[in-house]
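Accompanying notes for the structure given below.
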Amino acid sequence: MAAAVFFFWGSMEGGRTEVLCKIKGFIRALVVDIGYNNSLSVAVDRHRTYCSNSSGNCFCSFGLSHVIEILSLEKEGHACRLYILLRVLMIIQQLLQENKHGSKRDIYYVEPSLFSDQAVVNRAINDICILLKCSRHHLNVVPVGRGLVMGWVRFVEAGRINSCITSPSTAYVIPVCVEEVKDIVSVAQYILVVEKETVFQRLANDKFCERNHCIVITGRGYPDVSTRRFLQLIVKQLHLPVYCLVDFDPYGFDILATYRFGSMQMAYDAKLMRVSEIRWLGAFSSDFEKYKLPERCLLSLTTEDKKKAEALLSRCYLHQEAPQWRLELEIMLHKGLKFEIEALSALSLSFLSDAYIPLKIKEGCHI
């Protein structure tokens, strides 16, 4: 039985009208497939990743025994998954037709008894993005705003002016619909991305942006789509250097890598969100000895931490594009130790703002 395979590589300039045409084409092809084969099957290209390792031996393609995953009614467990995919597609089609936006959670609550779990909806949306060769925001599926920005920047969002410049230490929620952001103006000298909201608030309390003429962004942990797209947008338009400050542990490293290379779960969309210009400002293994941090701040890697680090080391892009980053990760794994950014505050509450960040940038201590 032949499976219906769909390739829609065209640009997204046509917006929602073009996506609606793709949805109609997809459904039409399914109907034709059923007519010829008396069954239903869909082929999902699982290798739409940023991996450039043709051998398939790296973590980017770990666990994928086939380039194409076939969803078929003839396979156990696939009937429900196909039905869910088509049901989510119907909801997305309605959003586009009515020119409305909804979150993944909104879609889940349309029919929670069917979807049973949020992860089921998330997987269906990812499958639809791969099938239609488009980004999530082209489907009018938007994340719940989580990222924060402050500093020397002003922009217009859907006709409303967000003037961070008038109060550089005040946090603004990063817009959910980044395509509505226009007229970005800034007198900042650089952009700083911090992993945690606690660090972001520390910098706000210290009036870091006011004293250093910069823009500070946080995704509050793993960044959502809006935060990554907003960062890419302002970097592209303002042409400013961008630095990232994360915990010295495998999860901080993964967050850093997500900003630069994209996430594994949304690898098909990596090129539209990655910020290849980002530089790692810290924390580094050498910081612990350089700043003579207290021993109580140093923690041992857990078994889960070690597995995470080993998985990260298997990703081919670290070999090819960020060998210095990979070396830091190897040192972390070899020493079996980690520490958080907040450990630097053990020296003084405002050490990050007064010394660590400004000196690192001035002296070019970043990779």
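Points worth noting:
- For LYS207, a cut-off of 19 angstrom between C-alpha atoms picks up these lysines, skipping any fewer than 8 places away in its own chain: LYS196, LYS360, LYS362.
- For the options VAL141, VAL19, VAL31, a Gaussian network treatment of the chain with springs between C-alpha atoms closer than 10 Å singles out VAL31 as fluctuating the most.
- The angle separating the long axis of helix 225-238 from the principal Cα axis of greatest extent in the chain is about 60 degrees.
- Across region 284-367, the relative contact order, built from alpha-carbon pairs under 8 Å that are at least six residues apart, equals 37 percent.
- Eligible lysines near LYS24 by straight Cα distance, threshold 24 Å, same-chain separation 8 or greater: LYS100, LYS104, LYS133
- The value obtained for region 200-348, namely the Cα convex hull volume divided by the number of residues, is 123 Å³ per residue.
- Residue-wise HN-Hα couplings along region 24-33, as the Karplus relation 6.51 cos²θ - 1.76 cosθ + 1.60 with θ = phi - 60° gives them from phi, are 4, x, 4, 5, 4, 5, 4, 4, 4, 4 Hz; Gly and Pro carry x.
- Kirkwood analysis of the Cα pair distances in region 176-255 returns a hydrodynamic radius of 13.3 Å.
- All-pairs Cα distance distribution in region 119-254, expressed in whole percent, bin size 5 Å: 2, 10, 19, 22, 19, 13, 9, 5, 2, 0
- For region 310-352: rounded, prolate or oblate by the Cα gyration tensor [a/c cutoff 1.5]: prolate
- CYS297, CYS209, ranked by accessible area, largest first (probe 1.4 Å): CYS297, CYS209
- The slack in the chain from GLU321 to LYS306, taken as 0.36 nm per residue of separation less the alpha-carbon distance, amounts to 3.2 nm.
- Among GLU76, GLU330, GLU342: highest mean-square fluctuation, GNM of the chain, C-alpha pairs under 10 Å: GLU76
- Straight-line reach from LYS338: taking Cα to Cα under 17 Å and skipping same-chain neighbours fewer than 8 places apart, the aspartates and glutamates in range are GLU195, ASP247, ASP249, ASP254, ASP287, GLU289, GLU295, GLU304, ASP305, GLU310, GLU328, GLU330.
- Nearest-20 debye value, region 165-235 charge dipole, Cβ charges on Lys, Arg, Asp, Glu: 160
- Note: relative contact order over region 239-318, using C-alpha pairs below 8 Å and six or more positions apart, is 36 percent.
- The P(r) of region 274-344 has a tail past 18 Å containing 44 percent of all C-alpha pairs.
- Computed on region 208-261, the Cα convex hull volume stands at 93 Å³ per residue.
- Straightening the chain between GLN94 and SER113 buys 4.9 nm, computed as 0.36 nm per residue apart minus the Cα-Cα spacing.
- Averaged over its residues, the chain has an accessible area of 46 Å² per residue, based on protein heavy atoms and a 1.4 Å probe.
- For region 203-341, the share of accessible area belonging to carbon and sulfur comes to 50 percent (1.4 Å probe, ligands and nucleic acids excluded).
The values are calculated or read from the model by the stated rules, or taken from the named source; none is laboratory data. Bear in mind the structure is a predicted one, so any value in this text is a computation, not a measurement. So basically every Cβ, Gly included, is an ideal-geometry build from the backbone, and we count neighbours across all protein chains shown. What goes into the accessible areas is simple: the full protein's heavy atoms, side chains included, and nothing from ligands, DNA or RNA. Shrake-Rupley method; radii C 1.70, N 1.55, O 1.52, S 1.80 Å.
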